[in-house]
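One structure is given below, encoded as structure tokens.
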Amino acid sequence: MNKKICLNQITLAVLTSLLTYPVLAEDKSKGDFFDTEAKSLVIELKSSLLQNLSREISKNGTESAIPFCHTNVKSIAKDAAKEKIKKYEFGRTSHKIRNEKNSPEAWLLPYLEKFQGSFFDQTKVNEYPIIGQLPNGKRFYAEPLFVNAQCLQCHGENLAKNVQEKIQVFYPKDKAIGFKLNEFRGLIWVKEK
Ligand code: HEC
């Protein structure tokens, strides 16, 4: 079950990454690979997070994956990103935050607003990748994350009591529950340092 969900997410990531869009296109002739690198970084981050999460849940259960998530997400992400983290910053954010450290930077707010309350729509995947430029000239890339069945265990409407309690211990101000299947959960983003 978990494996299937994981694959669906990865398939989606790959499909999304194959789409082209004209805004601020990289210029490979000038050694500029921003679009390609940012997209592949997002794919690496997503698949490595999902794999690690699935592995921990199936090994030790959902409750134990909460502190695991808390302490290991950044290092997992850094392992996955390797060389690219010298050039790029990255993270996850949401309109409903669990960890305040993931609070959105100002440039992410319009995109959170755009997707908030929406549900995954296969016919719109080509509208999902976001690419843009900050006032300081640095470029960014982001993709919406939608809730699958696995996410519901920790972000859904009916959490198991032990899971709910553990979340409250680590994140007393948690706002990241009450999501429905396929609902927009947040954004994964990359920007130039
Ligand atoms: C085992 C429980 C668990 C599962 C399953 C889970 N998450 Fe989370 N999620 C967390 C925890 C804990 C955090 C806080 C991580 C941190 O401290 O940075 C978090 C944080 C996030 C964030 C960062 C924004 C915030 O609220 O701090 C996003 C986005 C997110 N999760 C999306 C997802 C998606 C999408 C899925 C399904 C693919 C998922 N999560 C599955 C526990 C879980």
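Fewest to most neighbouring Cβ within 10 Å: what's the order for L50, L45?
Fewest-to-most Cβ neighbours within 10 Å comes out as L50, L45.
How big is the gap, in Å, between the Cα center of the range 158-193 and the Cα center of the range 92-142?
After rounding, the separation between the Cα centres reads 16 Å.
What is the Cα coordinate range of the range 43-193 on the first, second and third principal axes, sorted by size from largest, in whole angstrom?
That gives 46, 33, 29 Å along the principal axes, largest extent first.
Going by C-beta contacts inside 10 Å, put D121, D35 in order with the fewest on the left.
Least to most surrounded, the residues fall as D121, D35.
What does the charge count near S103 come to, summing +1 for each Lys or Arg and -1 for each Asp or Glu among other residues with Cβ under 14 Å from its Cβ?
+3
Please rank I131, I85, I188, fewest neighbouring Cβ atoms within 10 Å first, as an exposure proxy.
I85, I131, I188
Sum up the charges of everything whose Cβ sits under 11 Å from the Cβ of H155, counting Lys and Arg as +1 and Asp and Glu as -1, but leave H155 out.
Combined, the nearby Lys, Arg, Asp and Glu give +2.
Only the coordinates and a few stated rules stand behind these numbers; no lab work does. No experiment lies behind these values; they were computed from the predicted model shown. Glycine gets a Cβ as well: all are built from the backbone with ideal geometry, and neighbour counts include every protein chain shown.
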